[in-house]
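Asks: Below you will find the structure I want to go over with you.
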Amino acid sequence: MTVQISSEDVKKLRDKTGVGMMDCKKALAECGGDFSKAVELLRKKGMEVANKRQGRTASQGMVSSYIHMGGKVGVLVEVNCESDFVAKSDNFTSFVKDVAMHIAAASPDWVSREDVPQEVLDKEREIYKEQALKSGKPEKILEKIAEGRLTKFYSERCLMDQPFVKDTDKTIKGLLDELMGKTGEKCQIRRFARYQLGEEI
């Protein structure tokens, strides 16, 4: 039996995912009209597209700023994409603004876990192992415990691993993958600077 897909359902899915109308209609048809399954299907497809585009060059984009708390916190962030057309799109500009706002609120130290200096990781590992040993954990599992705690460290200190402040079910990386799925281009958060009034005084 063919499931009837209403234009309201297609529009609702498009508003939720930002994906084109035809793709939304196909996803709903493929999922038998199940809205949640269609959202999940489009997210997976978006991530597949994002992964295919990793090798491409992203040299366009924008630098955006965000000032928070009456001028007490300020952020500059650079996000890149492949074309000027995408850089000016609503999806891209709203993503950049969201990321700048997130950085102001969540105060990450690095863009990704690859940016964390080795000496910082080594020091953290040593601290975690020492804590575990003092709490009576056997030596043979100290490395595993340290790795588990490093995952938490990344989610607190690395922008890409942090839960998005406006929707904690998504990480910033997940949000970026969604953006690449919507735009069809490689996009990347290149760098950021966060300033807090009086922090170095």
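The values are calculated or read from the model by the stated rules, or taken from the named source; none is laboratory data. Quantities reported herein were computed from a predicted structural model and do not represent experimental measurements. Glycine gets a Cβ as well: all are built from the backbone with ideal geometry, and neighbour counts include every protein chain shown.
Asks: Among the residues in the range 80-97, are any modelled with pLDDT of 85 or more, assigned to a strand (DSSP E or B) and surrounded by 16 or more Cβ atoms within 10 Å (Cβ to Cβ)?
Replies: yes
Asks: Taking residue 65 as the residue in question, decide whether it is assigned by TED's automatic domain parsing to the domain that holds residue 170, at pLDDT 90 or above, out of contact with any strand residue (DSSP E or B) (no Cβ under 7 Å at 6 or more places or on another chain) and surrounded by fewer than 19 Cβ atoms within 10 Å (Cβ to Cβ).
Replies: No: the conditions fail for residue 65.
Asks: So residue 106 fits all but one of (1) over 14 Å from the mean Cα position of the chain (by Cα); (2) over 21 Å from residue 183 (Cα atoms); what number is the exception?
Replies: If we test residue 106 against (1) over 14 Å from the mean Cα position of the chain (by Cα); (2) over 21 Å from residue 183 (Cα atoms), just (1) comes out false.
Asks: Residue 157: buried (at least 18 other Cβ atoms within 10 Å of the Cβ), farther than 23 Å from residue 89 by Cα and in contact with a helix residue (DSSP H, G or I) (Cβ under 7 Å, 6 or more places away or on another chain), yes or no?
Replies: So residue 157 does not fit the description; no.
Asks: To continue, here is another question. Residues being in contact with a strand residue (DSSP E or B) (Cβ under 8 Å, 6 or more places away or on another chain) and either closer than 25 Å to residue 120 by Cα or touching a residue at least 24 places away in the same chain (Cβ under 8 Å) (or both): count how many of those fall in the range 148-177.
Replies: 13
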